[in-house]
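These notes are about the structure you will find just below.
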Amino acid sequence: MNWIDVEKAFQRAFLLSFSRKRLFLTFPVLVLCGLLTVFCKAVAFNASDWISLSLGFLPIFLSSGLLLGLGVVLSRIYTMEAKHAALTLKRLLMSSLDLMIGIAYLAIPSVLAYLLFWIVLGFFFLMKEIPGIGHFFSVILAFGPFLLIFGSFLLCFVNLALLFFVAPAATLELIRKGSLAKRVLGSLKDRFFSASILLILGLIPLLFVGGVLWASASLTESRFLISETSLSFAMEWFFMMIPFAAILTPFVVFFFNFSVESYTLLQRDNLKQQV
């Protein structure tokens with residue numbers, strides 16, 4: 001793998017990110033993920049610190065299953081177009097349904113792990129509220145919530161890596177029992193540095209645009225929104241979420257397009273090493 005190959009892959013993935021077929025598929029999924037986020041933010045409105053903190057992460061893990069299913073479809077479209085194969089969108093969705101459902105289950109372990117973090121974090125908040133000695137516990141046990149929140153961020157990164165590497169692996173090769181994880185881990189083990197660089201390159205546009213959008217939404221909330229109830233808060237964020245999802249859509253498409261290109265580059269390098 002050389003820089004010219006990566007540059008060509010990046011350019012191809014970016015140019016095909018504005019296909020109407022891909023945008024049409026991606027936007028509703030992002031809106032659904034946005035609805036999960038708005039719902040969690042509305043529930044956390046005026047809630048305790050434990051609830052509001054925990055619900056900040058929960059929609060990320062719940063959305064992972066939806067995005068994994070989306071990634072399978074987008075990866076199949078990308079590979080079909082590369083092979084110049086004719087396949088209608090309806091037939092593509094129907095033929096991918098079983099694969100989408102099977103891949104979506106891979107998000108369950110991260111959801112369960114986060115729910116465990118959430119429960120343990122609740123014990124720390126409970127100990128902090130004990131009269132008389134709660135302040136003492138909050139001081140000497142501060143490392144506990146820190147590690148749990150750090151673990152939550154780490155799970156978010158693992159989910160991003162899962163989206164980037166598993167969707168194309170499941171699409172480009174037939175899934176055999178127990179072989180998907182083996183192929184993905186084999187690619188990462190043999191080409192870990194290259195895989196990390198490709199993941200970072202795929203994330204840069206998405207994180208940059210997503211960060212700007214989130215900063216804009218946060219500033220709008222603090223300077224313009226006047227919500228006093230959870231219902232009005234949810235409605236305000238709902239109407240902000242729609243353009244948020246629309247602007248983010250092509251960059252999510254690029255992320256999955258580039259994941260297919262990256263997996264192909266990694267597999268090609270692995271074959272060269274074996275030869």
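FYI, it's all coordinate maths here, none of it is from the lab. Predicted model only: the values in this text are computed from it and were never measured. Because the Cβ atoms are built from the backbone with ideal geometry, glycine has one as well, and the counts that use them run over all protein chains shown.
Estimated at 0.36 nm per residue, the fully extended path between Ile133 and Thr229 surpasses their Cα-Cα distance by 31.1 nm. Computing FRET efficiency as 1/(1 + (r/R0)^6) for Leu141 and Arg20, where r is the C-beta to C-beta distance and R0 is 51 Å, gives about 0.45. Over the Cα atoms of the stretch 1-68, each weighted equally, I'd like the Debye log10 I(q)/I(0) at q = 0.14, 0.20, 0.24, 0.25 Å⁻¹, rounded to two decimals. Per q value, in the given order, log10 I(q)/I(0) is -0.63, -0.83, -0.96, -1.00. The ranking of Arg20, Arg12, Arg76 by Cβ neighbour count inside 10 Å, starting from the fewest, reads Arg20, Arg12, Arg76. Were the residues from Ile204 through Leu112 laid out at 0.36 nm apart, the gain over their Cα-Cα distance would be 30.3 nm. Across the stretch 3-274, the mean sequence separation of Cα contacts (distance under 8 Å, 6 or more residues apart), normalised by length, yields a relative contact order of 35 percent.
Here Val43 and Leu97 are evaluated by their C-beta separation; at R0 = 30 Å the FRET efficiency comes out at 0.45. Legend: translational diffusion of the stretch 3-274 by Stokes-Einstein, Rh = Kirkwood radius over C-alpha pairs, 25 °C, 0.890 mPa s; D = 120 µm²/s. Given R₀ = 51 Å, what would the calculated FRET efficiency be for Asn2 paired with Phe150, taking r from the Cβ atoms and rounding to 0.05? According to the calculation, E is roughly 0.90. Pairs of Lys residues in the stretch 3-274 that lie 8 or more places apart, or on two chains, and have C-alpha atoms under 21 angstrom apart add up to 7. A helix-only calculation puts the chain at -30000 deg cm²/dmol for mean residue ellipticity at 222 nm, using -39500 (n - 2.57) for each DSSP H run of at least four residues, averaged over all residues.
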